[in-house]
1. Would you say residue 143 is modelled with pLDDT under 95, of a type in the set (A, V, I, L, M, F, W, C) and outside any helix (DSSP H, G or I)?
2. Identify, please: which residue in segment 83-123 is in a loop (DSSP other than H, G, I, E, B) and within 26 Å of residue 153 (Cα to Cα) and is, among those, farthest from the chain's Cα centre (by Cα)?
3. On the basis of being modelled with pLDDT of 90 or more, loosely packed, with under 10 Cβ neighbours inside 10 Å and over 16 Å from the mean Cα position of the chain (by Cα), does residue 45 make the cut?
4. Report, ordered by the first and then the second residue, all pairs with beta carbons closer than 8 Å, sequence separation of six or more or different chains, a first member in segment 42-54 that is touching a residue at least 40 places away in the same chain (Cβ under 8 Å), and a second member that is of a type outside the set (S, T, N, Q) and surrounded by fewer than 15 Cβ atoms within 10 Å (Cβ to Cβ).
5. Restricting attention to segment 61-82, which residues are part of a strand (DSSP E or B) and over 18 Å from residue 162 (Cα atoms)?
6. Can you tell me which residue among 111, 141, 100, 134 is hydrophobic (A, V, I, L, M, F, W, C), surrounded by 16 or more Cβ atoms within 10 Å (Cβ to Cβ) and out of contact with any helix residue (DSSP H, G or I) (no Cβ under 6 Å at 6 or more places or on another chain)?
7. Condition check: at negative phi, at pLDDT 95 or above and within 18 Å of the chain's Cα centre (by Cα). Does residue 126 satisfy that?
8. Restricting the search to segment 45-60, which residues are in a helix (DSSP H, G or I) and touching a helix residue (DSSP H, G or I) at 6+ places or on another chain (Cβ under 8 Å)?
Amino acid sequence: MNRYGRSIKVSSVFAIVLIGMLSFSFVHSQDATAAPENSKPLTQEFADKFAKRFDEIFIGPSIDIADEIFAPNFVGHAPLAPKLDRDGWKAYVANLYTSISDLHEEVNQVIVSDDRVVLHVTYTGTQDGALFGIPATGKKISFDGIGIFSFDNDGLVTENWAVLDVVALLAEIGAFPPATK
């Protein structure tokens, strides 16, 4: 008996059941983003072709390429944005172009796993429009990003997790006071 008058065995059993329930929930929550059971592993060739086509979105810009490479049920997760559908993602990128009209993306690395492609990219340009509520500064910017993409059996992107170095970007446009020594 412990100080609460309960058997330690009951508390231990409760803990084991709770851990089991949490583990079950975690495993099953992962199924929502797992590749379909019938999918075949992605290849480096597929990943390289995808990276080239994705990069073409930022040349021009040619945002409508998203309609060709993103599935109709696409879900995007981007910094400072709610979950995005395909049109929402296109609007997010279009908004970046109103803030950084000469935005350019360079793909630095392409990594492929069985069911994901990861791109490490660098964005450059000039902040010539309001960005995240900060008026145009005319400053040159450069910031990194990581994009993780999952695909359906037709090779279309079903989900994207984008991580951008927003802190570096905001520091470059003067949103933070300069560092002191």
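1. yes
2. Restricting attention to segment 83-123, the residues satisfying the condition of being in a loop (DSSP other than H, G, I, E, B) are 83, 85, 100-103, 113-115.
Filter again for within 26 Å of residue 153 (Cα to Cα), leaving 83, 85, 113-115.
Values: 83: 10, 85: 13, 113: 16, 114: 18, 115: 15 Å.
Among those that are in a loop (DSSP other than H, G, I, E, B) and within 26 Å of residue 153 (Cα to Cα), it is 114.
3. On the way: modelled with pLDDT of 90 or more: yes; loosely packed, with under 10 Cβ neighbours inside 10 Å: yes; over 16 Å from the mean Cα position of the chain (by Cα): yes.
Answer is yes for this residue.
4. Matching pairs, first to second residue: 42/114; 46/155; 47/111; 50/155.
5. Residues of segment 61-82 part of a strand (DSSP E or B): 70-77.
72 - this is the single residue of segment 61-82 that is part of a strand (DSSP E or B) and over 18 Å from residue 162 (Cα atoms).
6. On inspection, the qualifying residue turns out to be 100.
7. no
8. 50, 53, 54, 56
The values are calculated or read from the model by the stated rules, or taken from the named source; none is laboratory data. Just so we're clear, the structure is a prediction, and the values are computed from it rather than from any experiment. We place every Cβ from the backbone using ideal geometry, glycine too, and count neighbours over all the protein chains shown.
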